[in-house]
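Below: one structure, written as structure tokens.
Taken together, the values in this text are just the output of simple stated rules run on the coordinates, not laboratory data. Everything numeric here is computed off the predicted structure, so don't read it as measured data. So basically every Cβ, Gly included, is an ideal-geometry build from the backbone, and we count neighbours across all protein chains shown.
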């Protein structure tokens, strides 16, 4: 039987699995494989982990109820931890150890999770391939000549080679779903406001959510249950008790699949047929009028917010700081030498989008576009779950996509929609083509995560594609 | 020469308790540098601003007090510029273009001109809530030449209320009175302690006829405001009279030398990349305002109406109002039966004078007597048990010394006739001098009588009159 | 604006964002920016649309709390000690 986070948790609870043995085996695997995959930016020391295990054991002994005691969790390096550096994949935050924990980190610690390390990402989550990290690119464990997707490529890869049970990424425009589909893992972008962003180093605040990842939908449900919920430290956090029903119908706007590469299209249609055979109604007549506006709307808003968020990195409050005779010189040098090219480019575009002469045609226009897209998606997801490709292409080769910005941005066409509309979306394995994973995306109405999880559980029963570890 | 004055007044909501977006203390002055800071006011990556209730409620009360149009929602925006004291290199404010909505859109600042004892008003363009930056110190104190700057973020995030008037204030004196009244109102609301160092700063813009607008930045007191405006109007008028042109520029007020100095010329509007802060949803004003109004609060104008209703003159009433504990004490003691005019005179003039002379803080409530004592004292005078001067010279100083202990305070009343007769008998020389026409001798004789009374209640004016009558009879 | 990389605009953007590039990078930057703008220009037609901008995806409202319990920060934990002098953060200045 395959090891799942669910089954490991059972064994830990029964006492038939020694936490130390289990975690140290993971550490060993990381030592063996991560010099090639490069899923992690930093790893806990053994002493730290031993202390943590003892703490969890004490809590168990004292009768504390915890949701994930002993499970090994990796966390994207743009989520603040006060015990490990948090770099956001950037040189500009090298050696920065936040003086506080993100709310989700507090929750994971509270529920007994063992945070083993911080995972690689595109610098400040700006990318779709995890090639833009200042700490080296991450490779796809299924084919190390290919990218794992991004920007949460480190989290996806850390799961795909089995170095942890659960992971947290962040999803601004597809940043957990794209990597999930490229690594045969599962990623859920939750409804905007359901997971606290307190402690998430922002790229585009109005679009992103901290997002759980796992190797199966059932495992994902474990960590989802830990991290969700209202947080008064985040003013955009939503206090919601919505319970979704578990009746579902699937609909498919053609635009969401048709432009994908043929193997992706055929894999998804075949899977949909099987799902239909299980008694789920599928409607193939859907339309999505405003898809053409999705990418420019998304990127305009993301750039504008990013330019603002990244203004603070000027060398005065963080360990990295350039020399300079004046503050102006110091801040210019710090930003010049410690931001990567892609980040600087996006800042520049954001400043353009917000500047006096252009704000109406760019930023304001995009916020209007966002409203019509959101309204169309809310309407579409009112009665059905929208199925689509996650990515229009198979996992690209390293270096293949990053030279041309438009080709890179086009990878996000199917995923940005959920962020623009704020709705939840789940990416999970649909099949393989030439040993390369292919994913499927399900997008539901606001606060319908439970519905997505039920559908996802059904789909993984149908495909049998869960708890897959590359190289097993 | 005609001119126009407009003001931008940055007032700290120093009494809000919390900073605008975090729990750190709004009164930062008592802390060691950088110890009143948290991830939010340091702008650390991932920390999120959550507007706090108190600063918003106070800002709404101020808006309400000046008859503002209060929008249904407030929306915060980001204003970007690089500066060391700005941790995020943007300031969260409420700019009304680019999607922001301020707390007050249009209002009227009605203020009391205590020189002419009349009410006047100036139109408010808007008020917005924003975060104060941190503090920058320069080595050697020189902002231009200093090699290093030293940053203290204790002030970062303290709530500021920016009040912007239309350029329609008639004189520098009026500018001063208007700002003083604004601050007083905010003090009455419990929003600010205007006597705290740096609790407000004023930027003033002045344009004389035929010239462009000049902005004078960073004026730290109302006295300086009047001086800076007088100077600036003089400077600009002179240039225009000599045929020169006034260009649009920003100047800096040098309070030590008493002059304005050029800071930078402003050719175009600066680019601040404003947009609504995506971390902060809009905030409905109505429930907050309702909550804020449920606490009892009165503006200085309300006080003025109440106090003058009791027959107290506007001048004395204003003197009470400028010291909040005195005005409050007046109403409290009148409510339990104190004589209004006598009480007003005690509080507004004589006891206030004594407090000041003794170096005690007149704004500290505990330095004032309690309302029962005031009632007793004013009744003693109104019932003619003592004259007002007896009260003033014999009782009030003792009250100041002994606090509220009545037994120590009330002096024994003495019959002055015997004292006068014995002084006249002892001071033959002075009596002769007086009779021969030396008026100063009378003062001497009054002094002698007072000395004999040994601090017992006695009214110098009465004594004077009595001696005069006695000696003229001779 | 023309499709050609506009140096004036680039310089203004660099100034506003306190950024700089090497000559080599600048060339690539110009090419990329022109391309990206061709993408972003596709939303410009929506600027005249008669809909309210959407800044917060749920058009939500906040009921502000009195306090939230945020922990304080020790400045010495954050910044290398040689850049702190008597609790104050030291930076180069010289007037700008």
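Values for this structure:
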item	result
Kirkwood-type radius of the protein assembly as shown, with distances r between different C-alpha atoms, in Å	32.7 Å
Exposure proxy order (Cβ contacts within 10 Å, fewest to most) of A:472, A:171	A:472, A:171
Span from the the stretch A:345-371 Cα centroid across to the the stretch A:124-140 one, whole angstrom	25 Å
Over the stretch A:73-192: Rg over Rh, Cα atoms, Kirkwood Rh	0.94
DSSP beta bridges in the protein assembly as shown [antiparallel fraction, %, rounded to 5]	80 percent
Percentage, to the nearest whole number, of Cα pairs in the stretch B:298-409 over 15 Å apart	60 percent
Rounded to 5, percent antiparallel among DSSP beta bridges of chain A	70 percent
Taking B:112, B:234, B:297 and counting other C-beta atoms within 10 Å, the order from fewest to most	B:234, B:297, B:112
Approximate spin-label separation residue B:29-residue A:258, in nm, with each point projected 7 Å along Cα-to-Cβ	7.0 nm
Förster radius 25 Å - calculated FRET efficiency between residue B:212 and residue C:6, Cβ distance, rounded to 0.05	0.20
Modelled FRET efficiency - R0 56 Å, residue C:41 with residue B:314, Cβ distances, 0.05 increments	0.30
Neighbour-count order for B:440, B:242, B:166, fewest beta carbons within 10 angstrom listed first	B:242, B:440, B:166
Evaluated over chain B, the Cα radius of gyration and Dmax, each in Å	28.5, 95
Zone residues, the stretch A:351-395, relative to residue B:73, backbone N less than 20 Å from point 7 Å out along Cα-to-Cβ	A:360, A:363-379
Two-site label geometry, residue A:7 and residue B:142: point separation in nm, points 7 Å out along Cα→Cβ	7.6 nm
Residue-averaged 222 nm ellipticity for chain C, from DSSP H runs of 4+ at -39500 (n - 2.57), nearest 500	-12000 deg cm²/dmol
Acute angle (nearest 10 degrees) that the helix B:324-335 long axis makes with the longest principal axis of chain B, alpha-carbon atoms	50 degrees
Per residue convex hull volume, Cα atoms of chain A, in Å³	140 Å³
Projected area, mean over directions - chain C, Cα convex hull, nm²	13.1 nm²
The stretch A:49-74 versus the stretch B:342-387: alpha-carbon centroid distance in Å	68 Å
Within chain A, helix-based [θ] at 222 nm, where runs of 4 or more DSSP H residues each add -39,500 (n - 2.57), nearest 500	-12000 deg cm²/dmol
Ellipticity estimate at 222 nm from DSSP helix runs (n ≥ 4, -39,500 (n - 2.57)) divided over chain B, nearest 500	-11000 deg cm²/dmol
The stretch B:50-130: Rg to Rh, with Rh as the Kirkwood radius over Cα pairs	1.09
Cα long-axis angle, helix B:460-473 against chain B (0 to 90 degrees, to the nearest 10)	30 degrees
Förster radius 25 Å - calculated FRET efficiency between residue B:335 and residue B:360 (Cβ-Cβ, nearest 0.05)	0.50
Cα convex hull of the stretch C:7-46 - mean projected area over all directions, nm²	3.2 nm²
Theoretical gain in end-to-end length, residue B:435 to residue B:1 [0.36 nm per residue, Cα-Cα removed]	150.1 nm
Nearest-ten-degree value, helix B:440-453 long axis tilted from longest Cα axis of chain B	90 degrees
Cα centroid separation, the stretch A:425-453 to the stretch A:151-196 (Å)	12 Å
Label-reachable residues, the stretch B:155-189, where backbone N falls under 15 Å from a point 7 Å from residue B:108's Cα toward its Cβ	B:166
